Amino acid sequence: MSFNRRQLLTRAATTAAALPMSPLMTSVLASIQSQASGTNRHPLRFVFCIKSNGLWAEMIQPPGWEQRLPFAVVYDDKGRLQDGENGKIRKQVTPAASLEMESTLPLSAVMEPLEPFRERISILQGINSGFSTYHMGCYQTLGAFQARGRNSIETLGPTIDSVLARAFPRPVPHVCLGHDPNSPSGVAYVPTSAAGRDKPIPFYTKPKRAYKELFGVIDTGAARREYDVQSDILDFFAEDAKRLQAQVAAPERAQLDRYLNAFESIRQSRADVAAISDQLRKYAPEAPDEIEANATFQVGAGNTEIAIAALLSGLTNVVTLRFDLLGSTSYEGIGGLHGGVGHGQVKNILDARRKICRFHFEQMARIAHALQAIPEGEGTMLDNTVFVYTSDNGETHHSSGVNFPIVLLGDLGGRLARRRYFAPGNEQTDRSQPGYTRLGDVWATLLAAADLPYREFGLPVNGVPHQPIEALLA
């Protein structure tokens, strides 16, 4: 398909305007430097699964180990802890522990979908955020830096998922899939991931839009036509930039060269995608129908299909799934996250949270089963993958970030320990001092396991570099 200049300018009014917002384009641009420097590594995979509204510690606590939590797991008729859900009870220090979970130890009822992968799971409790949080951690959570105010959407550096995507690039280094019912275009800056300071990463918020951009090259219908239009617009702009090079002064030419290099890199990425079209056809999902924006469960399931296909086909090694947003998400049959679940307007908060978390674990299980079914080396794709599940703001709706419960699934080819139950027992509450294990230390652990530098990651408020947690390394 080709277009003359007039046609391209007409289509550019609607289509080209979306290019700077495109997760595909943003992801490719963020990885240019690492690809150019030859830092491609053995394919390790990372799947970050992030929820809103806090993650209650008992949701992931193994049965029979409830006494290891700093509160009694007893609820009232509204599904709240009897001693007060919004008080200080969930913000107490979790007792220290570094234990191996027996292979026969069952998972919690909420985590039951992950039962087939029990021996690959580690559970972390009592991890201090190392920054201020309340309703939302936003970019701080995966970035391990302290923004200037609670619920801040500042991006002060790269997030851990972006760092790993640059280290293990594929044709689309980082696939970000989220939910935002207020995004009619299917793309939004869901406050989760960033490529660097003031460089937030946009998310696909509609599976249909993600399919068009990621798998449009193999489609035979509308998705392919839109993909071709975008490719032709890129060609058009690149040719215009080349023509302008001879007409501008040196300072402007340097800026123009940067734009041209960016266009060329994006075009090369699209060529790389086309080169694996057979793999894409083998694993691509069926073209999804339009999903109503408020159908949160359906959007989440659709995003899971995209994630599976992107990983199995080799399109990416890093996926970030953001299941919901506190202020705008309402789960079908449950209610809104903020007022309904967060403030207890639903009939039973405990039941609501269990249903939501179980759905998230079902999606993780779907991806894990799919990876386990594909041979890789002497094992399967799952053997070289780790999943991270947590909330973006810590222990509860009104969180102080004292406890970030985390589930890790997978060992990155034997680099991470399996079946660990770890709680640092942070007694130090003054975040300006050393002496507590921070969320950034968990991300440093992933970097160390992937043989990547970690001391410069994040911006700890006390100036003490983040360190790997030795108990979690194999």
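Observations
- Residue list for region 43-75, filter: small (Gly, Ala, Ser) and in a loop (DSSP other than H, G, I, E, B): 52, 54, 64, 72
- Candidates 301, 295, 271 - the one that is more than 22 Å from the chain's Cα centre (by Cα) and surrounded by fewer than 19 Cβ atoms within 10 Å (Cβ to Cβ): 271
- Number of positions in region 367-385 that are touching a Gly at 6+ places or on another chain (Cβ under 7 Å) and more than 15 Å from residue 313 (Cβ to Cβ): 3
- Residue check for residue 107: in contact with a Lys or Arg (Cβ under 8 Å, 6 or more places away or on another chain), modelled with pLDDT of 95 or more and in a loop (DSSP other than H, G, I, E, B): yes
- Among the residues of region 361-396, those that are hydroxyl-bearing (Ser, Thr, Tyr) and either in contact with a Pro (Cβ under 8 Å, 6 or more places away or on another chain) or assigned to a helix (DSSP H, G or I) (or both) comprise 390, 391.
- When residues of region 309-327 are limited to those that are of a type in the set (Gly, Ala, Ser) and crowded, with 19+ Cβ neighbours inside 10 Å, the one farthest from residue 141 (Cα to Cα): 313
- Scanning region 434-456 turns up no residue that is within 21 Å of the chain's Cα centre (by Cα), buried (at least 23 other Cβ atoms within 10 Å of the Cβ) and part of a loop (DSSP other than H, G, I, E, B).
- Residues that are out of contact with any Asp or Glu (no Cβ under 9 Å at 6 or more places or on another chain), of a type in the set (S, T, N, Q) and under 13 Å from residue 65 (Cβ atoms) within region 84-125 comprise 94, 125, listed in sequence order.
- Residues of region 329-359 classified as outside any helix (DSSP H, G or I) and either of a type in the set (A, V, I, L, M, F, W, C) or under 14 Å from residue 58 (Cβ atoms) (or both), total: 2
- Neighbours by Cβ (under 6 Å, 6+ apart or cross-chain): first from region 455-467, in contact (Cβ under 8 Å) with a residue 24 or more places away in the chain and closer than 20 Å to residue 195 by Cβ; second among the acidic types (Asp, Glu) and surrounded by 15 or more Cβ atoms within 10 Å (Cβ to Cβ): 466/441
- Annotation note: of 183, 162, the sole residue that is hydroxyl-bearing (Ser, Thr, Tyr), closer than 26 Å to residue 275 by Cβ and buried (at least 20 other Cβ atoms within 10 Å of the Cβ) is 162.
- For region 386-400, a residue qualifies if it is within 19 Å of the chain's Cα centre (by Cα) and at negative phi, and the qualifying residues are 386, 387, 388, 389, 390, 391, 392, 393, 395.
- Members of region 138-153 that are under 19 Å from residue 468 (Cα atoms) and among the hydrophobic types (A, V, I, L, M, F, W, C): 142, 144, 145
- Residue within region 209-226 that is farther than 23 Å from residue 274 by Cα and part of a loop (DSSP other than H, G, I, E, B) present: no
- When we screen 287, 352 for residues that are surrounded by fewer than 24 Cβ atoms within 10 Å (Cβ to Cβ), at pLDDT 95 or above and either of a type in the set (Asp, Glu) or within 24 Å of the chain's Cα centre (by Cα) (or both), the only hit is 352.
- Looking only at region 377-392, and only at residues there that are farther than 20 Å from residue 121 by Cβ and at pLDDT below 95, the one that is surrounded by the fewest Cβ atoms within 10 Å (Cβ to Cβ): 378
Per-residue answers, yes or no, for (1) part of a helix (DSSP H, G or I); (2) among the aliphatic types (A, V, I, L, M); (3) touching a residue at least 40 places away in the same chain (Cβ under 8 Å):
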site	(1), (2), (3)
115	yes, no, no
122	no, no, yes
147	no, yes, no
175	no, yes, yes
182	no, no, yes
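- Options 158, 169: the member that is within 17 Å of the chain's Cα centre (by Cα), under 17 Å from residue 444 (Cα atoms) and in a loop (DSSP other than H, G, I, E, B): 158
The values are calculated or read from the model by the stated rules, or taken from the named source; none is laboratory data. The structure displayed is predicted, hence computed values, not measured ones. Backbone-built Cβ (ideal geometry, glycine too); neighbour counts: all protein chains shown.
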